[in-house]
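Report on the structure given below.
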Amino acid sequence: MTTEETSQPVLIVGAGHAAGEMATALRMNGYKGPITLIGEEPHLPYQRPPLSKAFLSGDITTERLYVKGPAVYTNAAIDFIPNTRVTAIDKAAKTVTLEDGRTLSYGKLVLATGGRPRLLSLGDDRINKAPNLHYLRTIGHVDNMREQFKPGNKLVIIGGGYIGLEVAAVARKKGIDVTVLEAMDRVLQRVTAPEVSAFYQQVHGEAGVNILVNTALTGFEFDAEGRVTTVLTANGHRIPADVVIVGIGLIPNVELAEQAGLALENGIAVDEYGQTSDPDILAIGDCSSHPNAYAGRRLRLESVPSALEQARSAAALLVGQKKPYNAVPWFWSDQYDLKLQMVGLNQGYDTVALRGSPANRNFLAFYLKDGVVLAVDSISRPQEFMVAKKLVAERVKADPMVLVDESQPLKALVPAAPAPAAS
Ligand code: FAD
């Protein structure tokens, strides 16, 4: 890389988890040119996972959400433009337009635009205007729901995925009356085996959450102020609600990339270094899809570990180092005192083997295909999860009888590292 190339301005659109890591990693890698983060939210890069956990419960403050304090960016000479949306990219001129009309030039542009909540679309305009119906993606969303998130209120959660269930756990701890509507026949249906879903349904049931599966939402009733009063379902339930929280998925923010004519494929299509179809534009985090060696196909992941690793690969590329993003996907979710950690993708599994017992509230679920460990869910077994990550990464073939036998250490299944070559 020439000195000229490592001193041109880098503009990072979005100021979320991926963007913050990209900016600081770039400086740590010795990048000399101007680096600017442009975010439409008022905040420095912050962690979203606590939004449905410790931040929602009020256990941590906004300051604790920030990935790094303001001094880190100042000291690294990283400019931050908050409250500002980027509205267009001109690839030929290598500029972006901001919503206030300004135009900024870039040498390299990084799209780290994340995603936005999928909205309910039941053909009723009142739904997404109701002051007591909320989505959950930003600090602002949590601030808006705080006053209604209080003991004694009736909360209806639409969607039994991670976010819905994490919110349910926090709400129950606060003494809120909670009903979860899930259209499928079990919670976490998209990501876990029936055994794991059944475990979580039982845990939530014991905590007093009313989970209604096979229950499609059909609409709402509103009061004169436009507030939801009742949630209506296809099987005839009429559920009174003081507050509704919707967690039905994410839409990646790809509009800027689309308007600029970049290749899209379930997200902004990038290679393993974060490079888009334009040589001067990269994309990282939830908005991007990358060729994943482990999965053998293109993936768009919505997870912090993936956002961070992709940012590091892209930051390396801009200083001329090739460090492909090549991680096995993993994720976590905290509900009550339980830590769920998941590694790999379980699609296509033919066998599930449980190590430990759900009754003891800590166990592992191994997903196998033709004897190969595809994925593992770990419930409150963090040490064995570290080993499980290796089993998945190495595509270990394992006998389910051995996996379930707790007298046999999992570590014994990890292939030995190859001996160093003799000199
Ligand atoms: P984001 O964090 O979404 O940041 C993108 C930023 O870009 C946003 O601030 C957005 O406003 C801004 N932006 C978009 N378009 C523009 C534009 N045109 N101009 C300017 N700015 C723009 N992951 C886990 O691994 N574990 C968890 O337990 C977990 N829990 C979660 C709980 C909740 C409630 C949520 C919402 C997410 C959770 N996640 C979790 C997912 C994780 O937070 C995301 O994967 C991660 O934030 C992705 O980072 P990102 O930088 O790609 O996108």
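Any read-out appearing in this document is the output of simple, stated calculations on the displayed coordinates, not a laboratory observation. This structure is a prediction, so every number in the text was calculated from the model and none was measured. We place every Cβ from the backbone using ideal geometry, glycine too, and count neighbours over all the protein chains shown.
Here Lys154 is the anchor, and the lysines within straight C-alpha reach of less than 29 Å, apart from those fewer than 8 places off in the same chain, are Lys53, Lys129, Lys173, Lys174, Lys339.
List the aspartates and glutamates whose Cα sits under 12 Å from the Cα of Lys32, skipping any in the same chain fewer than 8 residues away. Those aspartates and glutamates meeting the cut-off are Glu4, Glu5. Protection proxy ranking of 392-399, 233-240, by the mean of other Cβ atoms within 10 Å over each peptide's residues and highest first, is 392-399, 233-240.
Taking K and R as +1 and D and E as -1, what net charge do the other residues with C-beta under 13 Å from the C-beta of Ile163 add up to?
+1
Cross-link candidates for Lys322: which lysines have Cα within less than 18 Å, leaving aside residues fewer than 8 places away along the same chain? Excluding near neighbours in sequence, the set is Lys108.
Other residues lying with their Cβ under 14 Å from the Cβ of Ile248 contribute a combined charge of +2, Lys and Arg counting +1, Asp and Glu -1. When +1 charges are put on Lys and Arg Cβ atoms and -1 charges on Asp and Glu Cβ atoms, the dipole computed for segment 94-218 relative to its Cα centre reaches about 400 debye. Karplus-derived 3J(HN,Hα) values for segment 228-234, using 6.51 cos²θ - 1.76 cosθ + 1.60 with θ = phi - 60°, are 5, 10, 9, 9, 10, 10, 5 Hz; glycine and proline are entered as x.
When you filter the chymotrypsin sites (Phe, Trp or Tyr not before Pro) in segment 113-175 for DSSP loop state and at most 16 other Cβ atoms inside 10 Å of their Cβ, nothing is left.
Need one number: % antiparallel among DSSP beta bridges in segment 56-181, to the nearest 5. Of all bridge pairs located within segment 56-181, approximately 60 percent are antiparallel.
Legend: ranking of residues Met342, Met401 from fewest to most surrounding C-beta atoms inside 10 Å; resulting order Met401, Met342. Is the shape of segment 161-313 rounded, prolate or oblate, going by the alpha carbon gyration tensor and its root eigenvalues a ≥ b ≥ c, with a/c under 1.5 for rounded and a/b larger than b/c for prolate? Note, shape of segment 161-313 comes out prolate. A simple count of charges around Val67, restricted to other residues whose Cβ falls under 12 Å of its Cβ and scoring Lys, Arg +1 and Asp, Glu -1, yields +1.
Report for the chain the percent antiparallel among DSSP-assigned beta bridges with both residues inside it, nearest 5.
Working: 50 of 81 bridges.
Just about 60 percent of them are antiparallel.
Under a model in which nothing but the beta-carbon of Lys, Arg (+1) and Asp, Glu (-1) is charged, segment 1-158 shows a dipole of about 380 debye around its Cα centre.
Given charges of +1 on the Cβ of Lys and Arg and -1 on the Cβ of Asp and Glu, with all other atoms neutral, how large is the dipole of segment 319-390 about its Cα centre, in debye to the nearest 20? The partial results should precede the final answer.
Details: 9 positive and 6 negative charges, 65 e Å.
Computed about the Cα centre, the dipole is about 320 debye.
So which GluC sites (Glu not before Pro) in segment 135-242 pass both tests, a DSSP loop state and at most 15 other Cβ atoms within 10 Å of the Cβ?
Values: sites: Glu147, Glu166, Glu182, Glu195, Glu206, Glu221, Glu225; in loops: Glu182, Glu225.
Sparse-neighbourhood loop GluC sites (Glu not before Pro): Glu225.
With only Cα atoms counted, the chain has Rg and Dmax values of 23.0, 82 Å.
Screening the chain for DSSP H helices whose Cα atoms reach 15 Å or more along their own axis and whose mean Kyte hydropathy is at least 0.5 gives 162-173. Each residue of segment 98-106 was assigned a 3J(HN,Hα) from its phi angle through the Karplus expression (A = 6.51, B = -1.76, C = 1.60, θ = phi - 60°), giving 9, 5, 7, x, 5, 10, 10, 8, 9 Hz with x at Gly and Pro.
How do the peptides 247-254, 410-417 rank, highest first, by the average count of neighbouring beta carbon atoms within 10 Å per residue?
On the way: 247-254: 18.8, 410-417: 12.5.
In descending order of packing, they fall as 247-254, 410-417.
Rounded to the nearest whole Hz, the Karplus-based 3J(HN,Hα) values (6.51 cos²θ - 1.76 cosθ + 1.60, θ = phi - 60°) of segment 113-129 follow the sequence 8, x, x, 10, x, 5, 8, 5, 9, 10, x, 10, 4, 6, 4, 7, 9, with x at glycine and proline.
At Asn128 and Lys322, where each label point lies 7 Å from the Cα along Cα→Cβ, what is the point-to-point distance in nanometres? With each label placed 7 Å out from Cα toward Cβ, I get 4.3 nm.
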